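To start, the structure under review is shown below, and the notes come after it.
The values are calculated or read from the model by the stated rules, or taken from the named source; none is laboratory data. Please read these numbers as outputs of a predicted model, since none were measured by experiment. All Cβ positions, glycine included, derive from the backbone under ideal geometry; neighbour counts span all protein chains shown.
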Amino acid sequence: MKKLLSAIFPVLVAFLLTGTGSANDFDYSINKLDVDLNFKKNNTVEVKENLDASFNRERNGVSRKLELGNKKLDNVETNYIHVIHKDSLGNTIIKIVDYENKRKLDREYFFNYTLTSKEKIFSDDFSFDIVDGTWERNIDRVDFKITIPETELIRKKIEFISSVSGVANTDNLTCSISGNTITGSYTKPLLPHETLTMHMVPSNKTLTEKKSHQFILNNVQEEDITVYEGDEIIIRLNSNPSTGFTWKLYVESEFAGIVELSDEHFIAAKTNNLVGAGGVAEFKVDALKQGEATIVGYYIRPWLKYDEDTDNKVQYKIKIKSRK
């Protein structure tokens, strides 16, 4: 772990690792992900992502999911034919179509694109995901290069921290700085939906180790997860209310005060208002304090008794750790 301090550029750049998920028998995994981020002064960042993929079975290419939010996507380039579409949640999907991959092969792909924010990118407390939580495959290693306008580095202190949910851990992160360019590697494998985040603060501030994080479970039936106090868990389940079925999640009274179901709503699929179309039921769960809790959910017709032979059920065992 290299730590560089500069009297000329007093900026705390922190790398945070968060996420959930477990190793799965995926159709492919990512041996190495190279990420090149070039931040411009016009609220634009040029992104280059190169990945080495190992395939476990035949698959014609790979996909990249982007949760754009208030950002605009432009200048998409890949090394094979690609198509761009939206999923049922409105996320943008860039799919590389590789018809040459007819066997279990190691293949190299790249995604190049620009993101333009409708708001100012840089602020006194600035974060940006080097690896965001939309990657749904294991990533064995991440190499990164980040170029930042020099004006954003003036009068800022520089150091590097890797972290799991805000708890400092620098064992697997190496970094160096030359001018306004940051290069480094993270060598601990990332599981699906785990993130690696760059965080910058002025020299008169410190990294907040109690920063909360968000964990997303996309249509997962059963999962054991570990989070920290203050974290938020997002549970998304495929649903179609027009059939009469709806998801109901429950927190037993014995777990009250440990976790709390804070919000639930339905997100309709992007199908041009097609009658009877399904969507996703989204639930937000707050991790309140240290302890263990279980959340169960049933896909039922509310006026009928639950039938364990025909109705769907989900269950999540949650362990909450203290940030102290």
### Task
Give the residues of the range 235-270 that are among the β-branched types (Val, Ile, Thr) and modelled with pLDDT under 85, sorted by residue number.
Ile267
### Query
If a residue has to be modelled with pLDDT under 80, among the charged types (D, E, K, R) and in a loop (DSSP other than H, G, I, E, B) to count, how many in the range 121-156 make the cut?
4
### Enumeration of residues in the range 64-85 that are at pLDDT below 90 and not in a loop (DSSP other than H, G, I, E, B)
Lys71
### Message
I'm trying to understand the selection: among the residues of the range 181-231, which are at pLDDT below 70 and within 28 Å of Val314 (Cα to Cα)?
### Response
Ser212, His213, Gln214
### Query
Is it the case that the range 82-91 has a residue that's within 17 Å of the chain's Cα centre (by Cα) and among the hydroxyl-bearing types (Ser, Thr, Tyr)?
no
### Summary
Checked the range 179-202 for anything within 30 Å of Glu223 (Cβ to Cβ) and in contact with a helix residue (DSSP H, G or I) (Cβ under 8 Å, 6 or more places away or on another chain); matches are none
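Return the residues of the range 41-56 that are touching a strand residue (DSSP E or B) at 6+ places or on another chain (Cβ under 8 Å) and part of a loop (DSSP other than H, G, I, E, B); say none if nothing qualifies.
Once the filter is applied, which keeps residues that are touching a strand residue (DSSP E or B) at 6+ places or on another chain (Cβ under 8 Å) and part of a loop (DSSP other than H, G, I, E, B), the range 41-56 yields Asn42, Asn43, Asn56.
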